[in-house]
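**Student:** My structure is below; once you've seen it, I'll send some questions.
Every number in this text was worked out from the coordinates using simple rules, so none of it is lab data. Bear in mind the structure is a predicted one, so any value in this text is a computation, not a measurement. Heads up, the Cβs are rebuilt from the backbone with ideal geometry, glycines too, and the neighbour counts pull from every protein chain shown.
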Amino acid sequence: LSAEAEPVPASHRGHVYIQWVLRGGLALAVVLLVIGLVLAIAGGEHGRAAVHLGHVFSEGSVGDRFVAVGLALLALTPVVRVLALVLIWLAERDRKFALIGAIVLAVLAFSIATGHGG
Amino acid sequence: MALSAAPMITLPLWKLAALFASGLGAGFLGAWVGIGGGVVLVPLLVLGFGIDPKIAIATSLLTVIGTSTAAGSVYVGRGMTNTRLAIALEIATSIGGITGGLLAIVVPSDALAGIFALVMGATSALMLRNARTREVGELTPSDTPTEGTEEAGVLAGTYYDLTRKGVVHYRVTRFAGGSLIALLAGAVSGMLGVGGGFLKVPAMNLAMDVPMKVAVATSNFMIGVTAASSVFVYFGRGYVHPLLVAPIVLGVVAGALAGTAYSGRASHAAIKRVLAIVLIVVAVQMALRALGVHLVS
């Protein structure tokens, strides 16, 4: 992205990796949502009212499951984003911020566990 | 859980299209002014579609993640986002998010609408008072746009400002105070289904010496992580309705990408005024809802 002789700054490399994590997670979630929505509409049964985190693969019609998995994946993309940052900062030897990121990951893990237990 | 045996719901095509359009508008506005769009979407779902506030909040949180991811991919690519600042503030914000989510489960829906109105009213008043953002950071004039950077180990960085025509160097101050506001923003986000950017953006700009556009981009990155910290609470309790959420999320993602493309050309003051006007409208509507006045039955 920059001139060939110029070394790319570490922070910019990190930004590019994060950009791909964001794009990849979002694209996959959108594809699943579109497929699920089309299947749900085509199936006539327009969808299950509610879905629980632990039952995204097992409840409802095929369309519902595509949508539910897409939504669960979307909800997980921020977790992956933080994980990617921790790995990038570890690679950059920025231990201080890698530790800060790890703390945020722990909070998110607690949240997922809370949701499962609900 | 009572909702585990949830019935099938049928949404006619026109309603799916209306939900998509609502998401499109909310996503555009959200990305443009640095909020997740939830500030518009929750009242729209509650007041316009008659959806229960807790289901609307869960729906909104997923769209906040969609906005943050779509807009974030653009902002991060431009180097506008300070990811270190985002994650450092997220310690407080994500703890606030979980707390807010757990609180919302036990608070009655009408009370939630009332709290929503109060928060929005206070925020809009603050934003109107501070409609003119002070410029922060040192400017090095340049006609050549460059990628933004952030320094390792500290909270500082640079970005190219199209309006000021130059590279702005900034250093974050008063982190502890900012974290307290971030904690509150997280709790508000988890409880009301909004991104909390309307608190974080002014906090970063006015209190922490972060340039407005970096604050918007960093907030946009953060709100997805904050929403994730509370959305699982709602997911686990059956407040996520897949067919309802899917068209809105798709609309929001499309709107957010368009809104992000426009944000680079909007001036600071314009961003703030739009945000303030939106908040006032929302506050009045939600106050009416809390008082039992339903515009749409």
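**Student:** At q = 0.14 Å⁻¹, what is the base-10 log of I(q)/I(0) for chain B according to the Debye formula with one equal point scatterer per Cα and no solvent? Please give it to two decimals.
**Tutor:** -0.94
**Student:** What shape does the range B:67-131 have by the C-alpha gyration tensor, where a ≥ b ≥ c are the square roots of the eigenvalues, rounded means a/c under 1.5, and otherwise prolate means a/b greater than b/c and oblate the rest?
**Tutor:** oblate
**Student:** Another one. Can you give the mean number of other chain Cβ atoms that lie within 10 Å of the Cβ atoms in peptide A:17-28?
**Tutor:** Other-chain Cβ atoms within 10 Å of each residue's Cβ, averaged: 5.
**Student:** Would you mind working out the magnitude of the charge dipole of the range B:141-297 relative to its Cα centre, with +1 at each Lys and Arg C-beta and -1 at each Asp and Glu C-beta, to the nearest 20 Debye?
**Tutor:** Once rounded to the nearest 20, the dipole reads 400 debye.
**Student:** Another question, if that's okay. Between B:Gly97, B:Gly77, B:Gly196, which gets the highest mean-square fluctuation from a Gaussian network model of chain B, Cα cutoff 10 Å?
**Tutor:** Greatest mean-square fluctuation among the candidates belongs to B:Gly77.
**Student:** Rounded to the nearest Å, what's the spacing between the alpha carbon centres of the range B:93-129 and the range B:166-237? Just the number, please.
**Tutor:** Between the Cα centre of the range B:93-129 and that of the range B:166-237, the gap is 14 Å.
**Student:** Which FRET efficiency value, to the nearest 0.05, is calculated for A:Val80 and B:Leu291 with the Förster distance at 35 angstrom and r the Cβ-Cβ distance?
**Tutor:** Efficiency at R0 = 35 Å is approximately 0.25.
**Student:** Looking at chain B as a GNM with Cα springs under 10 Å, which of B:Gly101, B:Gly114, B:Gly27 has the largest mean-square fluctuation?
**Tutor:** In the Gaussian network model the winner is B:Gly114.
**Student:** How far apart, in nm, are two points set 7 Å out from the Cα along the Cα-to-Cβ line at B:Asp143 and at B:Asp52?
**Tutor:** Distance between the two pseudo-spin positions: 6.2 nm.
**Student:** What spacing in nm lies between the two simple spin-label points modelled at A:Tyr17 and A:Ile35, each 7 Å away from Cα in the Cβ direction?
**Tutor:** Using points 7 Å along Cα→Cβ, the separation is 2.9 nm.
**Student:** Can you tell me the order of B:143-151, A:18-26 when each peptide is scored by its average per-residue count of other Cβ atoms within 10 angstrom, highest first?
**Tutor:** The most tightly packed comes first, giving A:18-26, B:143-151.
**Student:** Using only the Cα atoms, work out Rg/Rh for the range B:9-81, with Rh taken as the Kirkwood radius, to two decimals.
**Tutor:** Radius of gyration relative to Kirkwood radius: 1.04.
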